[in-house]
Amino acid sequence: MRKIKVLVVDDSSFVRKALLRIFDADPELEVVGVAGSGKEAVEKALFYSPDVITLDIHMPGMDGLETLKIIMAEHPTPVLMLSQFTKQGAELTLKALELGAVDFVDKSSTGMMDFFDLSREILSKLKSIAGSKPLKISAPLNVLPSASSGGLIDVVAIGASTGGPLALQMVLKKFPGDIRFAILVVQHMPEGFTGPFARRLDSLCEIQVKEAEEGDPVRPGISFVAPAGLHMTIERKRREEPGTLGRIRLVEKPHDTVHRPSVDLLFQSVAEQYRHRSLGVLLTGMGSDGMLGMKAIKEAGGATIAQDEATSAIFGMPRVAILNNVVDEVLPVTSIAEEILRKA
């Protein structure tokens with residue numbers, strides 16, 4: 001098999017050397033270039049045409065975001081951002097994902113001297129996004145006109161992983177503020193990033209978006225993002241407050257799921273509580289999380305939608321659900337909001 005061509009971009013000589021050692025030890029990878037600045041990165045991206053680029057956000061001169069903009073404009077390439085979890089670092093990482101970066105690794109999750117502890121995560125993500133299709137928002141996302149929906153859907157549950165932050169923005173930003181259903185979101189992300197992610201979406205959308213908290217009342221017009229490290233489920237009582245569709249429950253168990261939060265657990269809870277008045281959506285992402293949950297929603301009489309391959313950064317989660325015949329419709333990400341409103 002042809003080796004995956006990698007371009008390493010980082011202003012830290014330590015990080016560049018560490019990444020070189022990690023990549024050189026893997027027979028599937030070939031480092032075709034190393035750059036210590038944004039200007040050098042753009043030049044080498046055009047010259048070497050790598051399959052994937054690792055890119056640091058913080059660099060002197062032309063920073064990672066400006067470098068990313070130019071690469072996406074002149075030679076779109078899958079990019080894995082190397083981020084640091086600080087308030088500013090999280091916000092810059094989310095901006096990078098909007099500009100077309102496919103995924104990121106939080107390199108501050110371990111000390112610099114233990115950088116090699118991240119090698120498994122870096123290698124896994126690097127290989128998974130190589131050959132993917134970086135997408136970016138090339139035109140304004142207009143809010144859809146308000147329409148008196150049929151009131152057929154109480155809750156829309158959305159699951160996403162790699163490539164999901166941008167896909168979610170492209171869906172949620174289209175909803176008018178007066179929608180008559182609630183939205184529950186699981187986006188696979190490291191701890192510390194889901195809060196800034198929800199706040200950024202809230203600043204961009206007409207609907208309210210917030211990171212879910214224990215006991216939050218589920219109400220129409222609000223999108224709740226499950227916090228990293230906790231599963232999100234729904235509890236309903238026989239008598240709820242007017243306008244309340246249930247309450248958020250955040251739990252650590254089960255511990256044996258591949259991801260926490262789990263898309264499957266959210267979808268299964270939504271299927272149990274809302275039955276035929278539920279709608280499940282699977283967006284871009286690696287793996288199979290969400291397939292069993294989509295099956296539960298479909299069997300309960302709810303509707304199911306999956307993002308298509310052409311607009312998915314990683315056609316993993318949607319593909320598995322489609323192959324298992326638990327998807328009603330396969331749509332480009334640009335059409336999903338319209339279809340949700342039509343069904344609702």
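The values are calculated or read from the model by the stated rules, or taken from the named source; none is laboratory data. Since we're looking at a predicted model, the values are computed, not measured. All Cβ positions, glycine included, derive from the backbone under ideal geometry; neighbour counts span all protein chains shown.
In the stretch 45-65, what residues are assigned to a loop (DSSP other than H, G, I, E, B), hydroxyl-bearing (Ser, Thr, Tyr) and within 22 Å of ASP106 (Cβ to Cβ)?
From the stretch 45-65, those assigned to a loop (DSSP other than H, G, I, E, B) are 49-51, 57-63; that's our starting set.
After this cut, where a residue has to be hydroxyl-bearing (Ser, Thr, Tyr) as well, the list is 49.
The answer is none; no residue qualifies.
Is one or more of the residues making up the stretch 329-342 of a type outside the set (S, T, N, Q) and over 20 Å from VAL143 (Cβ atoms)?
So far as the stretch 329-342 goes, yes, one or more of its residues are of a type outside the set (S, T, N, Q) and over 20 Å from VAL143 (Cβ atoms).
Kindly list, by first and then second residue, each pair from a residue in the stretch 169-196 that is closer than 18 Å to ALA90 by Cβ and modelled with pLDDT under 95 to a residue that is of a type in the set (Phe, Trp, Tyr) and crowded, with 22+ Cβ neighbours inside 10 Å, limited to pairs with Cβ atoms under 7 Å and residues at least 6 apart or on different chains.
MET189/PHE197
With the structure loaded, tell me whether VAL42 is assigned to a helix (DSSP H, G or I) and either free of Cβ contacts under 8 Å to residues at least 24 places away in the same chain or surrounded by fewer than 23 Cβ atoms within 10 Å (Cβ to Cβ) (or both) or whether it fails that test.
yes
Going by what's in this entry, would ASP51 be described as buried (at least 19 other Cβ atoms within 10 Å of the Cβ), among the acidic types (Asp, Glu) and within 23 Å of LEU92 (Cα to Cα)?
Considered against the rule, which asks whether it is buried (at least 19 other Cβ atoms within 10 Å of the Cβ), among the acidic types (Asp, Glu) and within 23 Å of LEU92 (Cα to Cα), ASP51 comes out as no.
Restricting to the stretch 90-125, count the residues that are at pLDDT 85 or above and out of contact with any helix residue (DSSP H, G or I) (no Cβ under 8 Å at 6 or more places or on another chain).
Result for the stretch 90-125: 5.
Can ASP24 be described as in contact with a Pro (Cβ under 8 Å, 6 or more places away or on another chain), charged (D, E, K, R) and not assigned by TED's automatic domain parsing to the domain that holds THR311? Walk me through it before giving the result.
On the way: in contact with a Pro (Cβ under 8 Å, 6 or more places away or on another chain): no; charged (D, E, K, R): yes; not assigned by TED's automatic domain parsing to the domain that holds THR311: yes.
No; evaluated as a whole, the condition is false for this residue.
Applying the selection to the stretch 247-258, what residues are out of contact with any Leu (no Cβ under 7 Å at 6 or more places or on another chain) and at pLDDT 95 or above?
Listed by number, the residues that qualify are ARG247, ILE248, ARG249.
Can you name the residue in the stretch 278-329 that is hydrophobic (A, V, I, L, M, F, W, C) and in a loop (DSSP other than H, G, I, E, B) and, of all such residues, is nearest to the chain's Cα centre (by Cα)?
LEU283
Give the residues of the stretch 210-246 that are in a loop (DSSP other than H, G, I, E, B) and either touching a Leu at 6+ places or on another chain (Cβ under 6 Å) or not assigned by TED's automatic domain parsing to the domain that holds GLY164 (or both), sorted by residue number.
Those that are in a loop (DSSP other than H, G, I, E, B) and either touching a Leu at 6+ places or on another chain (Cβ under 6 Å) or not assigned by TED's automatic domain parsing to the domain that holds GLY164 (or both): GLU214, VAL218, LEU230.
Restricting attention to the stretch 190-206, does a residue exist that is within 19 Å of GLY280 (Cα to Cα) and not in a strand (DSSP E or B)?
No, that holds for no residue.
Enumerate the pairs (first residue in the stretch 259-284 and on the phi > 0 side of the Ramachandran plot; second residue anywhere and not in a helix (DSSP H, G or I)) with beta-carbon separation below 7 Å, excluding pairs fewer than 6 apart on the same chain, so at least 6 apart or on different chains.
That search, which allows pairs on different chains as well, returns ARG275/ALA300; ARG275/GLY301; ARG275/GLY302.
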